[in-house]
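Since the structure comes first, as structure tokens, the remarks are kept for the end.
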Amino acid sequence: MTARPLVSIVIPAYNAAPFIAETLESVLAQTHVHREIIVVDDGSTDGTETRVAPYLGRIRYTRQANAGAAAARNAGLRMASGDYIAFLDADDLWVAEKLEVQLRVAACHPESCMIVCDGVDFGEHLVTSERLLRGPLARRLDQEPSGTLTGRFYFDLIRRNAITCPAQTLIPRAVADRVGPVLENIPPCEDWEYNLRIAHEGPITLHRDSLVRYRRTQTSVSGPSNRRSFAYTLSGIPVLRRHLLLCSADERLVVRRSLHEHVREQGREAYYVAKREDPSFARAYLLKLLRAAPEEPSTLWWLLATWVPERVMSMAARLARGSTSSRA
């Protein structure tokens, strides 16, 4: 790593007028000043360009026809000339030391293909979660006295996406060049798939520093917050199918098992939504899930069960458990 590495900050922006100025201020406040800021306006119609105008002397700005966040990130990657790539969505924020801290972690772990920090999740200026790192990897990180965890975490990320948003990551440019562009046809899971390719390439480093402020909005591409897990699972099925082709033969069993587990879990969740909230939404979703992954038979079971009284389902489950116990 050079003494003062250049960091290319790529910001895709679509109808980001309410937030883009605050986001840019958080970047311009970075204590690491050797940087280039690239804003790719993805066909905004809400005055985003006007909000960006006061910053044009300090950033690189380009505008394209609306093609989605992944296409905007790829456009920014093509413009980037830095030693590192740092993605930031146009409504998220960085703590002033974000780049400085992550570059220091990167210098200590030159083998790592990606550096990933923690942060908080907020909406309407209120913190809704104190962690952006999630699941078993986050718990393993909590046990590390150094505050960092480095390893080959491809399988861990296949089983559970531990990284909430692109703003948490810092990627060596050489790694970004090797893994290729962000896929543009799988929203909202393009970030997960990109991180999977990086994790398959080599080790990544997680660190506990809380450096990102991830803004939750109801207008997210993945829909309202209480429906996002359903959207992610549908979008995630082609991601896992893609990795069945990308990974080696001895890795495919884990990927295939994860695919079935994701589908089974969301089928069960959709059943409970049908019983307690919105049967029309749940049944429509289960039909989509069945079409997307017809090899998982439990989806049809959960769909049919949405028309069966819950007490009957509970009785059938008890009988099934009793039958299994007696055979044992």
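The values are calculated or read from the model by the stated rules, or taken from the named source; none is laboratory data. Note that the structure is predicted; figures quoted are calculated from it, not measured. Glycine also receives a Cβ, built like all others from the backbone with ideal geometry; neighbour counts cover every protein chain displayed.
Apart from one condition, VAL116 fits all of (1) over 24 Å from ASP42 (Cα atoms); (2) surrounded by fewer than 20 Cβ atoms within 10 Å (Cβ to Cβ); the exception is (2). Inside the stretch 38-68, can you point out the residues that are surrounded by fewer than 21 Cβ atoms within 10 Å (Cβ to Cβ) and under 23 Å from the mean Cα position of the chain (by Cα)? Those that are surrounded by fewer than 21 Cβ atoms within 10 Å (Cβ to Cβ) and under 23 Å from the mean Cα position of the chain (by Cα): GLY43, SER44, ASN66, ALA67, GLY68. Selection of the stretch 63-110 for residues being touching a residue at least 60 places away in the same chain (Cβ under 8 Å), closer than 14 Å to PRO5 by Cβ and out of contact with any strand residue (DSSP E or B) (no Cβ under 8 Å at 6 or more places or on another chain) yields GLU100, ALA107, PRO110. Each residue in the stretch 160-191 was checked for being buried (at least 18 other Cβ atoms within 10 Å of the Cβ) and part of a helix (DSSP H, G or I), and 9 of them qualify. The set of residues in the stretch 91-118 being hydrophobic (A, V, I, L, M, F, W, C) and more than 15 Å from the chain's Cα centre (by Cα) consists of LEU93, TRP94, VAL95, ALA96, LEU99, VAL101, LEU103, VAL105, ALA106, ALA107, CYS108, CYS113. Could you list all residues from the stretch 44-62 that are closer than 25 Å to GLU190 by Cα and either in contact with a helix residue (DSSP H, G or I) (Cβ under 8 Å, 6 or more places away or on another chain) or in contact (Cβ under 8 Å) with a residue 60 or more places away in the chain (or both)? Answer for the stretch 44-62, where residues must be closer than 25 Å to GLU190 by Cα and either in contact with a helix residue (DSSP H, G or I) (Cβ under 8 Å, 6 or more places away or on another chain) or in contact (Cβ under 8 Å) with a residue 60 or more places away in the chain (or both): THR48, ARG60, TYR61, THR62. If I filter the stretch 119-148 down to residues being within 27 Å of PRO5 (Cα to Cα) and part of a loop (DSSP other than H, G, I, E, B), which single residue comes out as nearest to the chain's Cα centre (by Cα)? So the residue we want is LEU132. For the stretch 1-59, a residue qualifies if it is assigned to a loop (DSSP other than H, G, I, E, B) and among the basic types (Lys, Arg), and the qualifying residues are ARG4, ARG58. Criterion first (modelled with pLDDT of 95 or more and not in a strand (DSSP E or B)) does ARG208 satisfy it? So ARG208 fails the test.
Screening ALA199 on (1) in a helix (DSSP H, G or I); (2) among the small types (Gly, Ala, Ser); (3) touching a residue at least 24 places away in the same chain (Cβ under 8 Å); (4) out of contact with any Leu (no Cβ under 6 Å at 6 or more places or on another chain) shows it passes everything except condition (4). Does LEU99 satisfy the condition of being within 16 Å of SER26 (Cα to Cα), part of a helix (DSSP H, G or I), at pLDDT 95 or above and not β-branched (Val, Ile, Thr)? Considered against the rule, which asks whether it is within 16 Å of SER26 (Cα to Cα), part of a helix (DSSP H, G or I), at pLDDT 95 or above and not β-branched (Val, Ile, Thr), LEU99 comes out as yes.
Note on the stretch 256-298: residues that are buried (at least 16 other Cβ atoms within 10 Å of the Cβ) and not in a helix (DSSP H, G or I) total 2.
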